[in-house]
Amino acid sequence: MKYNTVRNTSNSPFTMMGPIELRQPIPSKNIPRADPFLLLHHYGPYPINKQNNPFDLGTHPHRGFEPITFLIQGEQKHRDSLGNVQIIKEGGVQWITSGKGILHAEGPTPEFIEKGGELEGIQLWLNLPAHRKMMEPNYQQANIEQMEKITMDKALLTIIAGEQKGKKGVIETQTPVNAFWLDVDEGGEVVVDIPNTHDALAYLIKGEVLVNESEVLSYGKTAMLTFHNDGDGFVVKATKASKLLVLSGEPIQEPVVMEGPFVMNTRKETLQAFMDYQQGLMGVLD
Ligand code: MN
């Protein structure tokens with residue numbers, strides 16, 4: 001097997017989203033973009049209780065891409081203008097296809113705030129190609145129990161979306177995309193297959209791993225590797241018990257204009273999105 005070579009490495013620098021402090025490896029100085037992935041926010045772990053609830057996002061719109069939440073710890077509630085009201089727990093995913101417009105709100109459940117605990121997750125912005133940006137909006141959710149798994153010696157690969165070693169994820173994707181949880185015990189080794197049309201990345205959530213026998217990902221230091229699409233995949237060897245999110249996808253290679261909660265191809269289209277939102281054309285959520 002020919003390994004994909006490393007394109008860029010980055011730590012996971014802190015940034016502010018309004019009053020919320022979180023980590024943002026994409027875009028960052030070293031990884032300005034990882035087409036088709038536009039943005040990755042790693043929030044928490046935050047201690048959540050009645051006095052502290054920093055990650056409670058009120059109603060807001062999206063258009064033109066797929067905002068996805070991967071929950072690492074805690075319990076979050078999603079509501080949207082399509083009428084969905086759902087809760088995800090540890091390992092679960094919320095996969096929004098915003099298309100021509102959706103309003104949503106998300107935050108810890110009242111029960112979770114009451115009982116208290118750690119909240120941690122990843123928000124990913126996955127681009128949509130021009131011909132899908134104005135599609136009907138859609139919402140999908142899967143909890144960890146519904147996801148296909150590949151169990152290995154000292155390792156577990158969970159298929160959130162896409163395909164690995166003949167098994168398929170339950171989430172339906174709009175473009176060719178893979179999303180996997182990778183849990184590896186100390187000493188475990190996993191070969192991740194990546195189609196040669198995909199750009200790929202590995203994001204370390206905890207622990208320490210050696211990738212392709214040369215690159216080290218270590219929590220608090222280097223957190224993300226992006227790969228060229230010049231091989232068949234990569235190998236991860238854990239030097240400590242580790243958790244990673246692995247993403248890959250075919251680059252969309254179109255102009256990107258990100259303005260607030262909208263991602264279109266031109267500035268004219270993002271301006272139209274703001275006008276459509278103000279006129280209520282993206283739906284209603286109270
Ligand atoms: Mn959102």
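Of the trypsin sites (Lys or Arg not before Pro) found in the stretch 167-276, those in coil by DSSP whose Cβ has at most 14 other Cβ atoms within 10 Å are LYS221. Mind checking which aspartates and glutamates have their C-alpha under 19 Å from LYS115, skipping anything on the same chain fewer than 8 residues away? Excluding near neighbours in sequence, the set is ASP56, GLU75, GLU90, GLU106. Using a probe of 1.4 Å on the protein chains alone, the accessible area found for ARG132 is around 80 Å². Dipole check for the chain: with +1 at the C-beta of Lys and Arg, -1 at the C-beta of Asp and Glu, and the Cα centre as origin, the magnitude is about 380 Debye. Taking a threshold of 29 Å on the Cα-Cα distance, which of the pairs LYS29/LYS168; LYS29/LYS167; LYS89/LYS154; LYS29/LYS206; LYS50/LYS168 fall above it? Result: LYS29/LYS168; LYS29/LYS167; LYS50/LYS168 exceed 29 Å. Mean sequence separation of contacting Cα pairs (under 8 Å, at least six apart), scaled by the length of the chain, corresponds to a relative contact order of 22 percent. Under 14 Å of direct C-alpha separation, and excluding same-chain neighbours fewer than eight residues apart, LYS268 reaches these aspartates and glutamates: GLU259, ASP276. Based on protein heavy atoms only, the stretch 14-278 ends up with 41 Å² per residue of surface accessible to a 1.4 Å probe. Here's the picture: charge each Lys and Arg Cβ at +1 and each Asp and Glu Cβ at -1 in the chain, and of GLY220, HIS104, MET264 the one pushed furthest to the positive end of that dipole is MET264. The residues neighbouring PRO129, those whose beta-carbon lies less than 12 Å from its own, together hold a net charge of -2 under the Lys/Arg +1, Asp/Glu -1 convention. With a cut-off of 11 Å between beta carbons, the residues surrounding ILE252 carry a summed charge of -1, where Lys and Arg count +1 and Asp and Glu -1. When shorter helices are ignored and each DSSP H run of at least 4 residues is given -39500 (n - 2.57), the per-residue value for the chain at 222 nm works out to -2000 deg cm²/dmol.
The values are calculated or read from the model by the stated rules, or taken from the named source; none is laboratory data. From a predicted model like this one, the values you see are computed outputs, not experimental measurements. In this analysis, Cβ positions are derived from the backbone assuming ideal geometry, glycine residues included, and neighbour counts consider all displayed protein chains. For accessibility, only protein heavy atoms count, side chains too; no ligands or nucleic acids. Shrake-Rupley method; radii C 1.70, N 1.55, O 1.52, S 1.80 Å.
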